[in-house]
Amino acid sequence: MNETFMKEKPVFPLIVSMSLPMVISMLVNSLYNIVDSFFVAKISENAMTALSLVYPVQNFVNAIAIGFGVGISSQISLYLGAGRRDHADIAATHGTVLSVIHGLVMMILSIAIMPFFLGLFTSDPEVIELGIRYSGIVFCFSVVVGLNLAFEKLFQAVGRMKSSMMGLMCGCLANIILDPVLIFGLGPFPAMGMEGAALATGLGQVLNLVIYLIIYKAMPLQVRLRRTCLKPAASIDKKLYSIGVPAILSLALPSLLISVLNSILAVYSQSYVVVLGIYYKLQTFLYLPASGIVQGMRPVIGYNYGAGEHKRVKKVYLVTLAMTSMIMLLGTVICLAVPGQLMGMFTSNAETILAGKTALRIISAGFLVSSVSVTACGALEGLGKGAPSLIVSLFRYVLVIIPAAFVLSRIFGAVGVWHAFWIAEAVTAVASGIISKKTVWEQ
């Protein structure tokens, strides 16, 4: 592969070729999330509630791995674009080691706080017990998650999207297969219930990592992990964190948001907490493909920025915005057309389905406009602009939606929370346009 293809190949086919493997893998990952929830919901509605309450912490652990991985990928792309391969090797090596450390810390903290965390949102002893049983296993794989994301972003930074896709898809497919086997006990395997769901998730992540290691050893890359690169490099570490920390916070903010919204909704009915949990499972099927497009764009925009190709940077941004908008439009149509069927995949409770139909129809009003902030965040991260990206995320997940949800819920009840979603997306789109104009267009 020509090492300068990111600044030579026509933009649209380049973005498609970089994004398509990620979109496919994101869709498979979305399918895994839905299937996982589907089988857990078959255990009981309390099991689904427990999964919904654990999700914010699980999402936070993933956010740390993904966000720091974004810092790794961004730095590698920028250094390669500038022709500084030695610095790219140092960024990759230090990033991988730090990812392991992050995983260890999060494993210990997540398991320790879970009983207290669950008690904040429910007094049902069965829900708390189910949540502890699930989280006690799933968080043991936090180091594996950190390594997976480090290798995934390394492959993406050099344009090896198919390698990233292969590992992620195999891990997700293994999880989908193992879910019913370990949860309900098929063949020689005993029925493990919630523990089976957690173990299926962890084993899928292990397979993902094994495949990444095999690919890394078998295929030459522009960037390599080297022992000689383990020597202190404070300036590079600082750059990794300057991008990684804002990206982590941006990805972790949904966890804060879900926790706050759960506390607001729980006042009205436990069913609304279930609806919110189901929505976030469903929306991954929409936002993860868009994220796949953004992941395909990120190394391209970073490489061209590092190479000084500023006109090409702007074109990459516009092409990506158009592609994410199409994904969001499709999601809007689906949620408006069959909201009841979507909710019925996870619960048979008529009250929950009815509340979920209303929620999906209202929330989907903000899908299309959200493509602006999704694209802007990815572009800013790819350009190494971590702080502006964090500002966009703060608008989307904290500064607008939380106050709006609190106020509107007092006026309209639980339905007011759903209206807060599209209001936040509209305000954030305006903020994203202003910020990206200053960082992308006025270079």
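The values are calculated or read from the model by the stated rules, or taken from the named source; none is laboratory data. All values reported here derive from a predicted model rather than from experimental measurement. Ideal geometry is used to build each Cβ from the backbone, glycine not excepted, and the neighbour counts take in all protein chains shown. Surface areas here come from the heavy atoms of the whole protein model, side chains and all, with no ligands, DNA or RNA. Shrake-Rupley method; radii C 1.70, N 1.55, O 1.52, S 1.80 Å.
Annotations
- Share of carbon and sulfur in the accessible heavy-atom surface of the chain [1.4 Å probe, %]: 71
- Most tightly packed first, judged by the mean number of other beta-carbon atoms within 10 Å of their residues, the peptides 383-396, 68-81 read 68-81, 383-396.
- Ordered from largest to smallest accessible area (heavy atoms of protein chains, 1.4 Å probe), the residues L118, L282, L368 come out as L368, L282, L118.
- Lys/Arg +1, Asp/Glu -1 at C-beta; segment 159-254 dipole; positive extreme among I243, V223, P180: V223
- Over the chain, relative contact order from alpha-carbon pairs under 8 Å, at least 6 apart, %: 24
- Phi angles across segment 301-308 convert, under the Karplus curve 6.51 cos²θ - 1.76 cosθ + 1.60 with θ = phi - 60°, into 3J(HN,Hα) values of 5, x, 4, 5, 5, x, 8, x Hz, Gly and Pro given as x.
- In this structure the amide hydrogen of G185, modeled in the peptide plane, comes within under 5 Å of the amide hydrogens of M192, none closer than 5 places in sequence on its chain.
- With all protein chains in place and ligands, DNA and RNA left out, the 1.4 Å accessible area ranks D89, D124 as D124, D89, largest first.
- Other residues lying with their Cβ under 11 Å from the Cβ of G204 contribute a combined charge of -2, Lys and Arg counting +1, Asp and Glu -1.
- Acute angle (nearest 10 degrees) that the helix 45-81 long axis makes with the longest principal axis of the chain, alpha-carbon atoms: 10
- Between the C-alpha center of segment 373-443 and that of segment 244-289 there is a gap of 15 Å.
- Angle between the chain longest axis and helix 310-337 axis [Cα atoms, degrees, rounded to 10]: 20
- Mean residue ellipticity (222 nm) of the chain, computed from DSSP H runs ≥ 4 via -39,500 (n - 2.57), nearest 500: -28500 deg cm²/dmol
- List F12, F60, F116, ordered by accessible area with a 1.4 Å probe, largest first: F116, F12, F60
- Cubic angstrom per residue, convex hull over Cα atoms of segment 257-296: 53
- Taking a ≥ b ≥ c as the square roots of the Cα gyration tensor eigenvalues, segment 316-432 comes out oblate, since a/c reaches at least 1.5 and a/b does not exceed b/c.
- For the chain, the solvent-accessible area works out to 38 Å² per residue, with a probe of 1.4 Å and every protein chain left in place.
- Shape of segment 180-225, Cα gyration tensor, a/c cut at 1.5: prolate
- Structure remark: mean-square fluctuation, Gaussian network model of the chain, C-alpha springs under 10 Å; the largest value among K162, K217, K314 belongs to K217.
- Cα gyration tensor shape of segment 322-390, rounded if a/c is under 1.5, else prolate or oblate by comparing a/b with b/c: prolate
- Ranked packing of 244-251, 228-235, 47-54, most packed first, by mean Cβ within 10 Å: 47-54, 244-251, 228-235
- Over all directions, the projected convex hull of the C-alpha atoms in segment 1-81 averages 7.0 nm² in area.
- Cα lying deepest toward the dipole's positive end in the chain, options A429, P388, L168, charges on Cβ: P388
- Using alpha-carbon coordinates, inclination of helix 401-412 to the longest axis of the chain, degrees: 20
- Span per principal axis, largest first, for the Cα atoms of segment 195-343 (Å): 57, 44, 31
- Most fluctuating residue given options T93, T122, T428, as computed from a GNM of the chain linking Cα atoms under 10 Å: T122
- Build a GNM of the chain with springs between Cα atoms under 10 Å apart, and of G416, G296, G171 the one that fluctuates most is G416.
- Rounded to the nearest 20, the size of the Cβ-charge dipole of the chain about its Cα centre is 1540 debye, with Lys and Arg at +1 and Asp and Glu at -1.
- With N the number of residues in segment 135-183, Rg(Cα) / (2.2 N^0.38 Å) evaluates to 1.34.
- Whole-Å semi-axes of the ellipsoid equivalent to segment 117-251 (Cα gyration tensor, √5λ, descending): 34, 22, 11
- With the largest listed first and rounded to whole Å, the semi-axes of the equivalent ellipsoid of the chain from the Cα gyration tensor are 34, 26, 19.
- Net charge, I137 excluded, C-beta distance under 14 Å - Lys, Arg +1, Asp, Glu -1: -3
- Across all directions, the average flat footprint of the convex hull enclosing the Cα atoms of segment 192-280 is 9.9 nm².
- Along each principal axis, Cα extent of segment 14-166, largest first, Å: 58, 31, 19
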